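The values are calculated or read from the model by the stated rules, or taken from the named source; none is laboratory data. Computed from a predicted structure; not experimentally measured. Using ideal geometry, Cβ is built from the backbone for each residue, glycine included, and neighbour counts are taken over all protein chains shown. Remember, those area values only see protein heavy atoms, side chains included, never the ligands or the DNA or RNA. Shrake-Rupley method; radii C 1.70, N 1.55, O 1.52, S 1.80 Å.
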Amino acid sequence: TKDSSYYQHIVKHELGKAEHIELHKLAVKNGIDFLSTPSDVDGVDFLDKYVDKFKISSGDLTNYKLIEHIVSKGKPILMSTGMATTEEIARMIELTLIPQDKLTLLHCVASYPAPQNQVNLRSIKHLQDMFNVPVGYSDHTIGMDACKHAISCGATVIEKHFTGDKTQEGGDHILSADFADLKNFVKEAR
């Protein structure tokens with residue numbers, strides 16, 4: 001509800017259009033692909049100018065209207081699957097007509113932070129076999145170990161939150177990587 005503390009937290013930390021534009025400029029300047037997850041059709045239309053691909057959150061996997069609007073843009077789609085069954089994933093693909101060559105599924109565990117022993121990285125191969133699309137990994141663990149293991153399990157994309165300050169309020173900061181963590185991970189992954 002609009003009175004809940006979680007809702008208030010989200011509203012307080014929501015990025016506006018100006019912040020998205022500034023982050024896009026910073027990403028381009030540093031050779032980083034800019035990505036942001038829209039939560040409504042207006043957000044899709046705004047982000048279409050700034051992203052090369054769209055990311056859809058696990059919570060929107062059954063939001064067919066949103067997904068159909070994203071599909072209409074013709075760009076690649078990264079789809080988190082953290083709260084979905086394989087039946088829901090199959091139904092989403094069928095109902096929204098996402099072309100196979102545009103879709104990458106992201107295996108993910110919706111816990112914040114996700115315990116290392118619950119990430120079930122074998123799901124990467126299962127999703128690849130079941131849907132015949134690339135499968136990546138959206139990480140919510142503390143540290144970078146699960147990301148490294150996901151690559152060895154066949155993940156084609158790694159999504160990891162990052163932050164400039166792990167002590168900030170909000171559930172994402174504690175599980176986010178800092179810039180040194182990301183730099184080391186990219187260096188090791190190459």
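Considering only residues that are aliphatic (A, V, I, L, M) and in a loop (DSSP other than H, G, I, E, B), look in region 114-141 and name the one that is farthest from E159 (Cα to Cα). Across region 114-141, the extreme among qualifying residues is V133. Here is a list: I93, I70. Which entry is surrounded by 15 or more Cβ atoms within 10 Å (Cβ to Cβ), under 16 Å from the mean Cα position of the chain (by Cα) and of a type in the set (V, I, T)? Within the list I93, I70, the selection yields I70.
From the set of residues in region 27-42 that are modelled with pLDDT of 90 or more and part of a helix (DSSP H, G or I), which is farthest from L106 (Cα to Cα)? Once the filter is applied, the top-ranked residue is K29.
Being at pLDDT below 90 and either under 14 Å from L78 (Cα atoms) or not charged (D, E, K, R) (or both) holds for only one residue in Y50, Y7, and it is Y7. Of the numbered criteria (1) closer than 20 Å to Q128 by Cα; (2) charged (D, E, K, R); (3) surrounded by 11 or more Cβ atoms within 10 Å (Cβ to Cβ), the one D45 fails is (1).
With respect to the conditions (1) more than 19 Å from V135 (Cβ to Cβ); (2) touching a helix residue (DSSP H, G or I) at 6+ places or on another chain (Cβ under 6 Å); (3) surrounded by 17 or more Cβ atoms within 10 Å (Cβ to Cβ), V51 lacks only one, and its number is (2).
Search region 43-79 for residues being part of a helix (DSSP H, G or I) and of a type in the set (F, W, Y), and hand back the single one that is farthest from H107 (Cα to Cα).
Only one residue fits best here, namely F46.
Of the residues making up region 99-113, those that are crowded, with 20+ Cβ neighbours inside 10 Å and not in a strand (DSSP E or B) number 1.
Scanning region 94-140 for residues that are aliphatic (A, V, I, L, M) and farther than 25 Å from K65 by Cα yields A114, V119, L121, I124. Is region 118-130 home to any residue that is within 20 Å of P38 (Cα to Cα) and open to solvent by 80 Å² or more (accessible area, probe 1.4 Å)? Checked against the condition, which is being within 20 Å of P38 (Cα to Cα) and open to solvent by 80 Å² or more (accessible area, probe 1.4 Å), region 118-130 yields no hits at all.
Screening region 36-56 for residues that are touching a strand residue (DSSP E or B) at 6+ places or on another chain (Cβ under 8 Å) and free of Cβ contacts under 8 Å to residues at least 24 places away in the same chain and picking the one that is nearest to T81 (Cα to Cα) gives T37.
Could you please tell me which pairs satisfy a Cβ distance under 8 Å, a separation of 6+ or placement on different chains, a first residue in region 134-149 that is within 18 Å of L78 (Cβ to Cβ), and a second residue that is open to solvent by less than 10 Å² (accessible area, probe 1.4 Å) and among the hydroxyl-bearing types (S, T, Y)? Here the result reads S138/S80; A146/Y137; C147/Y137, each pair linking region 134-149 to a residue that is open to solvent by less than 10 Å² (accessible area, probe 1.4 Å) and among the hydroxyl-bearing types (S, T, Y).
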